[in-house]
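Report on the structure given below.
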Amino acid sequence: MALPIDPEVLSLLQPLLAAAAELDPPAVGDIVTRRERALPLFQGLADNREPVGGVEAQHHTLVTADGAELDLAWYLPSAAPLPGSAVLYLHGGGMIYSMAETAPAYDSAMRGYVAASGVPMLTVDYRVAPEHPHPTPVEDCYAALGWLAENASALGVDPARIAVAGDSAGGGLAAGVSLLARDRGGPALAAQLLIYPMLDDRTVDPDPQLPPRC
């Protein structure tokens with residue numbers, strides 16, 4: 001028997017599923033169309049979240065070893081004292097969506113996570129495929145971890161209390177960053193949180209337990 005979608009989640013997805021059903025599937029390799037169609041999805045995810053106050057975002061720039069400039073956003077409580085811990089949070093997006101598509105959803109999510117936990121979080125607009133294939137995305141994320149560790153003192157962070165987290169593609173990248181940190185001798189990680197991580201590139205056949213609409 002096919003696994004059902006949670007009714008509450010399905011009610012939120014229904015308008016997007018209905019709109020998608022009216023469109024012809026983009027051709028294989030048509031990244032431009034996929035990115036254009038992703039915009040209302042990520043905006044819709046943001047619109048379904050309640051506004052969160054008490055969290056501010058500071059913006060920084062990371063220059064990578066190959067000279068690229070990546071945007072960083074540092075989310076922290078506006079008034080509460082910092083706990084000393086911090087999280088590098090890596091956004092999802094199928095390895096093809098950057099912050100150009102996903103920013104509304106992840107800005108809203110980060111504000112919610114920081115407000116609920118009191119822990120500041122760093123996001124990075126890592127470069128994505130197909131323009132920037134592996135290992136560029138994971139190396140960009142690892143560089144962001146290095147930036148967080150190097151700037152820990154200025155940010156009010158204990159470098160021994162840094163975690164890495166991410167969802168979907170970001171979960172896979174978080175796992176990769178954790179392995180790089182292990183193999184390269186740091187920065188040390190206090191925790192790893194993977195949310196439905198994209199870990200396996202062999203999932204090319206339909207799963208009989210998942211209905212086609214997924």
Original post:
Which one is surrounded by the most Cβ atoms within 10 Å (Cβ to Cβ), of the residues in the range 13-59 that are within 25 Å of residue 95 (Cβ to Cβ) and in contact with a strand residue (DSSP E or B) (Cβ under 9 Å, 6 or more places away or on another chain)?
Top reply: 57
Subject >> Test result for residue 149, closer than 24 Å to residue 49 by Cβ, touching a residue at least 24 places away in the same chain (Cβ under 8 Å) and touching a helix residue (DSSP H, G or I) at 6+ places or on another chain (Cβ under 9 Å) >> reply: no
Original post:
Only one residue in 95, 110 is assigned to a helix (DSSP H, G or I), out of contact with any Asp or Glu (no Cβ under 9 Å at 6 or more places or on another chain) and within 20 Å of residue 166 (Cα to Cα), so which one is that?
Top reply: 110
Original post:
Restricting the range 1-12 to residues that are open to solvent by 60 Å² or more (accessible area, probe 1.4 Å) and hydrophobic (A, V, I, L, M, F, W, C), which is modelled with the highest pLDDT?
Top reply: 9
**OP:** Name the single residue, out of those in the range 106-140 being over 19 Å from residue 77 (Cα atoms) and hydrophobic (A, V, I, L, M, F, W, C), that is farthest from the chain's Cα centre (by Cα).
**Re:** 129
Original post:
What pairs come up if the first residue lies in the range 29-49 and is under 16 Å from residue 103 (Cα atoms), the second is in a helix (DSSP H, G or I) and open to solvent by 80 Å² or more (accessible area, probe 1.4 Å), and their beta carbons are under 9 Å apart, counting only those six or more places apart or on different chains?
Top reply: 44/12; 44/15; 45/12; 48/12
Subject >> Only one of 123, 102 that is β-branched (Val, Ile, Thr), within 23 Å of residue 67 (Cβ to Cβ), outside any loop (DSSP other than H, G, I, E, B) and open to solvent by less than 60 Å² (accessible area, probe 1.4 Å) >> reply: 123
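The values are calculated or read from the model by the stated rules, or taken from the named source; none is laboratory data. Just so it is clear, the structure is predicted and the values come from calculations on it, not from any experiment. Ideal geometry is used to build each Cβ from the backbone, glycine not excepted, and the neighbour counts take in all protein chains shown. Please note that ligands, DNA and RNA were not included when accessible areas were found on the heavy atoms of the full protein model with its side chains. Shrake-Rupley method; radii C 1.70, N 1.55, O 1.52, S 1.80 Å.
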